[in-house]
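See below for the structure under consideration.
FYI, it's all coordinate maths here, none of it is from the lab. In this text, all values refer to a predicted model and were calculated from it rather than measured experimentally. Please note: Cβ atoms are built from the backbone with ideal geometry, for glycine as well, and neighbour counts cover all protein chains shown.
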Amino acid sequence: MLNLSPAHYRQRRRRVMHRMAEGVMVIATAPEVIRNRDSHYPYRPDSHFWWLSGFGEPEAVVVLLAGRRPRHYLFCRAKDPEREVWEGFRWGPKAARTAFGFDAAWPIDQLDRRLPDLLADQPALHTLFGIDPAWDARVVGWLNAVRARERSGISAPEVLVDATAILDEMRLIKDAAEVDLMRRAADISASAHRRAMQACRPGMHEYQVEAELLHEFRRHGADAPAYPAIVAGGDNTCVLHYVANDRPLRDGDLLLIDAGAEYRGYAGDITRTFPVNGRFGGAQKAAYEVVLAAQAAAIAEARPGRPWHAPHDTAVRVLTEGMKELKLLKGTVDGLIESGAYRRFYMHRTGHWLGLDVHDVGDYKVDGEWRPLQPGMALTVEPGLYIRPGPGVPRGLENIGIRIEDDVLVTETGCEVLTAAAPKAVAEIEEVMRGDR
Ligand code: GLY
Ligand code: MN
Ligand code: MN
């Protein structure tokens with residue numbers, strides 16, 4: 001599906017070529033992957049390729065020629081009426097060229113023949129190295145094919161550039177059209193969390209709550225979950241990457257759900273934690289309020305000019321204060337932070353970039369310093385507290401795992417919480433679970 005207009009993609013590719021200044025960039029989409037025997041995993045294009053092209057079919061390659069006369073080309077599958085009877089519509093190069101705004105398009109089986117010509121006399125080749133060994137070998141094959149012509153005066157690219165240097169940086173700053181898609185991914189994800197809260201009852205299995213999430217995603221046109229949903233009840237709330245989702249939900253336990261929809265390629269990523277029976281117990285509430293306060297303080301740090309790590313440092317401080325109040329730790333807050341003692345109950349970072357990939361591209365440090373946040377950056381803010389039973393853990397707090405995660409867009413003046421529609425305050429969650437909202 002074409003997410004944005006062809007003019008938008010043309011403009012985007014022109015900006016890439018402007019940054020390259022000279023040379024050729026060659027970016028392939030992701031391969032189809034067999035799940036078992038002759039069944040495939042649902043197809044998902046490579047994010048760099050998709051961002052550059054908007055083109056969703058497998059077996060496709062974008063070629064950008066920078067320089068005084070920038071040109072951009074697409075290689076894709078040829079039309080094939082017989083295969084289309086079985087597998088559905090294919091664009092074919094002719095229609096794809098116009099629909100996706102390329103200067104020219106050719107069948108993918110001409111790639112090896114045409115690439116050496118396109119690389120001839122070019123100073124640099126930008127591509128993605130080390131992801132697919134077959135691709136690396138193919139790139140070397142093209143280079144050698146150009147080198148074989150050196151005696152006729154043709155030179156091969158001497159500079160090989162990792163294309164992530166340019167693409168990661170550009171993808172890090174979302175444009176207005178991308179923000180619209182991210183808002184939609186966030187809205188769908190938020191309504192799925194609300195639905196899960198409304199559906200949850202003691203005695204259900206985790207997968208039954210997961211089914212509510214998936215139903216809501218697809219009902220609103222999401223492509224798929226952006227990553228495997230974590231639906232973790234009771235002691236599973238303390239397993240950070242729990243995905244089995246197969247246990248019964250018990251009265252009195254908490255349920256932690258980390259799930260987000262992918263909408264036209266863009267990921268939502270929300271975590272909510274709530275009581276299976278709809279009412280927080282005393283210890284659960286006390287721990288929850290600590291994480292909620294840490295998240296609010298961290299979100300307040302997500303604004304232009306603040307360094308990437310500011311939300312994390314703030315969250316760690318508020319969480320550590322809370323750990324003291326909950327009598328999980330003893331000592332001074334500074335000492336507990338400095339020694340890393342807080343990591344027993346909070347062992348992950350407070351967020352990541354968000355976009356086409358749930359853990360999106362972009363450096364977190366520049367020239368050795370945490371990079372300042374800028375308008376157009378999208379990130380998650382996701383502090384947590386995970387209390388496994390052990391020495392010194394007060395009764396009532398064991399097996400309480402809480403994470404609260406929202407998606408945030410940095411704006412000119414601060415930030416916009418894209419996922420604010422997912423219920424989060426204790427009273428609001430309890431109301432939603434009672435059916436009052
Ligand atoms: N759901 C993946 C994450 O929160 O980072
Ligand atoms: Mn998450
Ligand atoms: Mn996340």
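Quick one: which of 217-224, 292-299 comes out on top by average Cβ neighbours within 10 Å, and what's the full order, highest first? Provide the component values of the computation, followed by the final result.
Working: 217-224: 17.0, 292-299: 21.1.
By packing density, highest mean first, the sequence is 292-299, 217-224.
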- Mind telling me which of Gln284, Gln11, Gln208 comes out most flexible in a GNM of the chain, alpha-carbon contacts under 10 Å? Gln11
- Once the Cα atoms of helix 282-300 and of the chain are each reduced to a long axis, what angle between those two axes, in degrees from 0 to 90 to the nearest 10, is obtained? 40 degrees
- Per the helix-only calculation at 222 nm, which mean residue ellipticity applies to the chain, given -39500 (n - 2.57) for every DSSP H run of n ≥ 4 and division by its residues, nearest 500 deg cm²/dmol? -11500 deg cm²/dmol
- Item | Candidates per trypsin sites (Lys or Arg not before Pro) in the range 64-103, loop by DSSP, up to 13 other Cβ within 10 Å | Arg68
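Defining a contact as two alpha carbons under 8 Å apart and six or more residues distant in sequence, what relative contact order in percent does the chain show? Intermediate results must be reported in sequence, preceding the final value.
Details: 906 pairs, mean separation 58.8, N = 437.
Computed value for the chain: 13 percent relative contact order.
Given the Cα-Cα distance of His215 and Arg395 and 0.36 nm per residue of separation, how much length would full extension add, in nm? Display every interim value, and only then the final one.
Numbers: separation 180, 0.36 × 180 = 64.80 nm, distance 3.78 nm.
Contour length minus Cα-Cα distance gives 61.0 nm.
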- The relative contact order of the range 287-437, taking Cα pairs under 8 Å that sit 6 or more residues apart, comes to a percentage of 27 percent
- Task: Taking 7 Å along the Cα-to-C-beta vector as the label spot, tell me the Met347-Ala427 distance in nanometres, rounded to one decimal.
- Result: 3.7 nm
- Residue with peak Gaussian network fluctuation, the chain [Cα springs, cutoff 10 Å], from Ser39, Ser47, Ser339: Ser39
- If you add up the charges near His205, with Lys and Arg at +1 and Asp and Glu at -1, over every other residue whose beta carbon is less than 15 angstrom from its beta carbon, what do you get? -3
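Pairs of lysine in the chain with Cα under 16 Å and at least 8 positions apart or on different chains: total? Let's see the in-between values first.
Details: Lys79/Lys94; Lys285/Lys324; Lys285/Lys327; Lys285/Lys424.
The number of close lysine pairs in the chain is 4.
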- Chain lengthening between Ala293 and Asp109 when straightened (0.36 nm per residue, less Cα-Cα): 60.6 nm
- For the chain, built as a Gaussian network whose Cα springs stay under 10 Å, the top-fluctuating residue of Gly268, Gly305, Gly414: Gly305
- Item | Distance in nm between pseudo-label sites at Asp363 and Arg10 (7 Å out along the Cβ direction from Cα) | 3.3 nm
- Arg68 versus Glu150: modelled label distance in nm, points set 7 Å from Cα along the beta carbon direction: 2.7 nm
- Using 0.36 nm per residue of separation minus the Cα-Cα distance, give me the extension gain between Val140 and Lys330 in nm, one decimal. 62.5 nm
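Under the definition of Cα pairs under 8 Å and six or more residues apart, what whole-number percent is the relative contact order of the range 218-351? Mind showing how you got there, number by number?
Details: 176 pairs, mean separation 21.7, N = 134.
Across the range 218-351, relative contact order equals 16 percent.
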- Query: With a ≥ b ≥ c the root eigenvalues of the C-alpha gyration tensor of the range 218-348, is it rounded (a/c under 1.5), prolate (a/b larger than b/c) or oblate?
  - Reply: oblate
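State whether the chain is rounded, prolate or oblate according to the following rule on the C-alpha gyration tensor (a ≥ b ≥ c being the square roots of its eigenvalues): a/c under 1.5 gives rounded; otherwise a/b larger than b/c gives prolate, and the remaining case gives oblate. Let's see the in-between values first.
Details: a/c = 2.48, a/b = 1.81, b/c = 1.37.
Verdict is prolate for the chain.
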- Which loop-located chymotrypsin sites (Phe, Trp or Tyr not before Pro) does the range 48-119 contain, where loop means any DSSP state but H, G, I, E or B and the Cβ has at most 14 other Cβ atoms within 10 Å? Phe89
- Query: Among residues other than Ala427 whose Cβ falls under 13 Å from its Cβ, what is the net charge (Lys/Arg +1, Asp/Glu -1)?
  - Reply: 0
- Task: Could you rank the peptides 257-264, 225-232, 241-248 by their average count of other C-beta atoms within 10 Å per residue, with the highest value first?
- Result: 257-264, 225-232, 241-248
- GluC sites (Glu not before Pro) within the range 86-192, DSSP loop, no more than 12 other Cβ atoms inside 10 Å: Glu158
- Task: Only bridges with both residues in the chain count here: give the DSSP antiparallel percent, nearest 5.
- Result: 80 percent
